[in-house]
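Below is one structure, written out as structure tokens; the observations come after it.
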Amino acid sequence: MDTFTEEQWEERLDAIESIALKNIKNGKKKYYLFLDFDGVINIWCREETDPLFKVRSIKEDDCQFADIPSIKRLSDLCLKYDINIVISSSWRFAGVGYCQRYLKKCGLKKGVKVVGVTAQDFEERQKHITDYLFEHPDFTGYMILDDLYLPYLNKNQIKCETLEGFNEQKCHQAHMMLRQMEVRRSALKCKKYA
């Protein structure tokens, strides 16, 4: 069941766009990345015939299903574009501290900022993300890494495949999206001073 009507979603997204534009015109730069864990940085094995199954099934640590290359890609992306991670995954129920420790233990690089979690209730993920943006109106752009399709936010989503995670292809798409945000921000800043 949808939280809002199509018209209400359009109004909500227009308001978010207005906030970002205002911040860009005021010379700010702040990107949020809404991160899902399972299917993005945690990858489950396809079946017992998967060679990774044996490796992952004998490990007895918290990072058993963490995909280290995906976490490295995420780290590099965040450091390159100075991104603030917000946990939108169901793992958010464990709290931001737990999520920070998990990510660091699994290889998230020092300097990557995990700044918060979305609401800890059972409403729609798209609503949680937009609510967070309204509650933190200091952003100039945002991106979502999730294997769940988010139809109203798909322009800002890199949709990962559950069994592949944040692979090279998805990382390339994320870089392209962020470069577009950077170009847009530079163009609007120049326009302000023209």
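The values are calculated or read from the model by the stated rules, or taken from the named source; none is laboratory data. Only a predicted model underlies this, so the values are computations on that prediction, with no experimental measurement involved. Using ideal geometry, Cβ is built from the backbone for each residue, glycine included, and neighbour counts are taken over all protein chains shown.
Take the residues in segment 178-194 that are over 13 Å from Lys28 (Cα atoms) and touching a Lys or Arg at 6+ places or on another chain (Cβ under 9 Å); name whichever of them is modelled with the lowest pLDDT.
Checked segment 178-194; the qualifying residue modelled with the lowest pLDDT is Lys191.
Hey, any hits in segment 165-174 for a residue that's assigned to a strand (DSSP E or B) and closer than 15 Å to Asp36 by Cα?
Going through segment 165-174, the residues assigned to a strand (DSSP E or B) turn out to be 165.
Among the residues that remain, those that are also closer than 15 Å to Asp36 by Cα are: 165.
Yes, the conditions are met somewhere in segment 165-174.
Give all pairs with beta carbons closer than 9 Å in which a residue from segment 58-72 that is over 20 Å from Gln173 (Cβ atoms) and part of a loop (DSSP other than H, G, I, E, B) meets a residue that is of a type in the set (S, T, N, Q) and modelled with pLDDT of 90 or more; count only pairs at least 6 apart in sequence or on separate chains.
Cys63/Asn42; Gln64/Asn42; Phe65/Asn42
Scan Ser88, Ser70, Ser75 and give me the residue that is closer than 19 Å to Met177 by Cβ, hydroxyl-bearing (Ser, Thr, Tyr) and out of contact with any Phe, Trp or Tyr (no Cβ under 9 Å at 6 or more places or on another chain).
Numbers: Ser88 fails: out of contact with any Phe, Trp or Tyr (no Cβ under 9 Å at 6 or more places or on another chain); Ser70 fails: out of contact with any Phe, Trp or Tyr (no Cβ under 9 Å at 6 or more places or on another chain).
Sole residue among the options that is closer than 19 Å to Met177 by Cβ, hydroxyl-bearing (Ser, Thr, Tyr) and out of contact with any Phe, Trp or Tyr (no Cβ under 9 Å at 6 or more places or on another chain): Ser75.
Out of Asp131, Asp147, report the one residue that is over 14 Å from the mean Cα position of the chain (by Cα), surrounded by 14 or more Cβ atoms within 10 Å (Cβ to Cβ) and at pLDDT 95 or above.
None of the others qualify; the one that does is Asp131.
Quick check on segment 150-194: of everything there that is of a type in the set (S, T, N, Q) and either over 15 Å from the mean Cα position of the chain (by Cα) or under 22 Å from Pro69 (Cα atoms) (or both), which residue is surrounded by the most Cβ atoms within 10 Å (Cβ to Cβ)?
Residue satisfying both the conditions and the ranking: Gln157.
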